[in-house]
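The values are calculated or read from the model by the stated rules, or taken from the named source; none is laboratory data. Nothing here was measured: the structure is a model prediction, and the numbers come from that model. Glycine gets a Cβ as well: all are built from the backbone with ideal geometry, and neighbour counts include every protein chain shown.
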Amino acid sequence: VVTYTAMLSAYAKKGHLEDARRIFEKMPQTNGFTWSSMVTAYTTHGVIDQAKLLCENTPASNVVTWTTLFQAYAHNGHLELAKLTFDRMAGIGRDIASWNAMFQMYADHGHSGMLQEIFQRIPCWNVVTWTAMIVVNAQDGGLDSAQRLFDGSVERNVITWTAMMVAYSQNLRPEEAYSVFEKMPHRNLYSWNTALTVYAQNGDLSLAKDAFDSMPEHDVVSTNAMIAAFFAGGESLAAQEIFDSSPAINSVSWSAMISGYAQNAQLELANRTFHRIPRKDVLAWSTIIAANAHSGHCAAAIAFFQSMMLAGETPD
RNA sequence: GCAAAGCAAUCGGUUG
């Protein structure tokens, strides 16, 4: 059962929803993990109706399947459906993750009144709750309360530390953000990428470069962050070198190159880069339109918009 | 107990 369930998840993560479903159908036995994996497969592919069916029509559905469904509604802005789902969970019970998801929904979409109400109803806190609280407070300008929450937190992990670093950076306290990074007991790729971004946002290109070189490994986010950092420092050539030598680039990389060139008054290079993109998505089009518009080439921007329509792309 | 599922932190364009 474990092996089949792991395969199911793997197929779903790679985008093969049908294969995941086929495995699910073939399994002689299942457990709660199997069902929640299948529900997650559906929600991550946007097939919420199927996820709902699985939750409703089986005794095997559990707090995880329901929380997953809840989260899917919340992320799609269906707050009423999400709330209904949460209410229906009263029978099987809610755990900390369910409450955290509920808190996050109102942090993302709701009013502070609802958030406050949930805050008071959360029965107990775990490290995710602490971290979410820190983030919400910091975004609200309550840097002091964020720090107090951090100091008072019973549990902290690398995500909590990284969130605290971001909190200082967002509130324009770069030195303290740096200091948090230096004091972190453990770092991962994500926190390294965050540090690199924080350095760059504060104009410390050399610190950003140092971070990039010191990191134990890079991913596409590291690459993209470093590209943006070089462009922000006016070093288009260095940005281009990173781009050209990177083993993995994605659509964000292309956008970063285009807007970087435009920022540096190199619209010609921006346009040329755009034409090299193998598969132009909405992001690519939006970026090239904005690049031309910001450079004062409004006619070209409109022309790109029209080309986008002709290419069958839908504006977002 | 271990391994497979849901909740919190990082990169680009649009809006602020």
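General remarks:
- Residue tally, condition away from RNA strand B (no atom under 12 Å from the Cβ) and of a type in the set (S, T, N, Q), over the stretch A:51-68: 2
- Every pair of residues 6+ apart whose Cβ atoms lie under 7 Å, when the first sits in the stretch A:173-193 and is more than 21 Å from A:Gly142 (Cβ to Cβ) while the second is more than 11 Å from RNA strand B (Cβ to nearest atom) and acidic (Asp, Glu): A:Leu189/A:Glu217
- Test: residue in the stretch A:23-37 that is among the small types (Gly, Ala, Ser), within 27 Å of A:Trp125 (Cα to Cα) and either within 21 Å of the chain's Cα centre (by Cα) or at pLDDT below 95 (or both): yes
- For the stretch A:248-257, filtered to residues that are modelled with pLDDT of 95 or more and of a type outside the set (Phe, Trp, Tyr), the residue that is surrounded by the most Cβ atoms within 10 Å (Cβ to Cβ) is A:Met257.
- Of all residues in the stretch A:236-289 being closer than 17 Å to A:Ile302 by Cα and of a type in the set (Phe, Trp, Tyr), the one that is farthest from RNA strand B (Cβ to nearest atom): A:Phe274
- Residues in the stretch A:148-202 that are more than 9 Å from RNA strand B (Cβ to nearest atom), under 26 Å from A:Gly233 (Cβ atoms) and of a type outside the set (D, E, K, R): A:Tyr168, A:Asn171, A:Leu172, A:Pro174, A:Ala177, A:Tyr178, A:Ser179, A:Val180, A:Phe181, A:Met184, A:Tyr199, A:Asn202.
- Meets criteria (among the small types (Gly, Ala, Ser), surrounded by 15 or more Cβ atoms within 10 Å (Cβ to Cβ), in a helix (DSSP H, G or I) and under 20 Å from the mean Cα position of the chain (by Cα)) for A:Ser9: yes
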